[in-house]
Structure formats: C-alpha cells, structure tokens
Amino acid sequence: MTAHDELRLLPWAGPDGKPCYLSTDDQGGYVSRLADHIEAFQLGMASQLLEHSRQVLDEETEDLEELNLLAAQLTSALRDVLRVATSRGRVRVVPGRP
C-alpha cells in the first residue's frame, strides 16, 4: 500500500486525536494486517450506512433526532473513508481546503 520509503497512515488516531503512522518494509506484518482488516471493516460499514441513509431519506422522515444521528454517523464514516483513501495514496488532503 505504501512505497518503500513512505509512512503508512493507519486507520486510527492516537490518544490525543493525532494521526498514527507505520514505518515498515513488511507489508505482511501484524500491524499492517491489522490496519488492512480495520480499513476493510470501515469501508464495509460506510457502505452499509450509505444504504441505510438512502432508506431514511426515501422515507422523507421528519424525525430530527434520527436525522441528527444519521448525520453524525455519516460524518464519522466519511472521516474513516478519507483516512483510508489518504493512506492508500488516492487522495491528498490539504488542511483547510476542500
């Protein structure tokens, strides 16, 4: 997933909320495999949440609590998916820019 001399952005944050990185030449190492599994789980959850959000919006619900919860879950899933994309080199995130 990363070039020989690059750090891999891991799919979790440190205790202070800062990003965690892995420096290794072993793509099959324990932490690399754990990160791969967590990324796959995050992407699967985002896919399921997207389907759920389509259903909620198709029902044209006016329940503000349900919509607020959905917005919070979508925000979390989007953060996770962007981290995965950044880790895999598909997206270059520039802080403060869309």
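Report relative contact order for the chain in percent, whole number only (criteria: Cα-Cα under 8 Å, sequence separation at least 6).
Values: 73 pairs, mean separation 33.9, N = 98.
Over the chain, the number comes to 35 percent.
Ignoring the sites themselves, the chain has its longest run without trypsin sites (Lys or Arg not before Pro) in a DSSP loop having at most 14 other Cβ atoms within 10 Å at 1-87. Among residues other than H37 whose Cβ falls under 15 Å from its Cβ, what is the net charge (Lys/Arg +1, Asp/Glu -1)? With Lys, Arg at +1 and Asp, Glu at -1, the net is +1. Across A13, A85, A40, mean-square fluctuation computed from a Gaussian network of the chain (C-alpha pairs under 10 Å connected) peaks at A13. Each Lys and Arg adds +1 at its Cβ and each Asp and Glu adds -1 at its Cβ; summed about the Cα centre, the chain shows a dipole of about 660 debye. Spin-label model, M45/L64: points 7 Å from Cα along the beta carbon direction are separated by 2.8 nm.
Can you work out the accessible area per residue across the chain, with the rest of the protein chains kept in place, probe 1.4 Å, in square angstrom?
Numbers: 7310 Å² over 98 residues.
Counting only protein heavy atoms, the per-residue value for the chain is 75 Å².
Once the Cβ-Cβ distance between D25 and R79 is put in as r, and R0 is 41 Å, what FRET efficiency do you end up with, to the nearest 0.05? With a Förster radius of 41 Å, E is 0.90.
The values are calculated or read from the model by the stated rules, or taken from the named source; none is laboratory data. Here the structure is a predicted model, which means the values were calculated and not measured. In this analysis, Cβ positions are derived from the backbone assuming ideal geometry, glycine residues included, and neighbour counts consider all displayed protein chains. We work out accessible area using only protein heavy atoms, side chains counted, and drop any ligands, DNA or RNA first. Shrake-Rupley method; radii C 1.70, N 1.55, O 1.52, S 1.80 Å.
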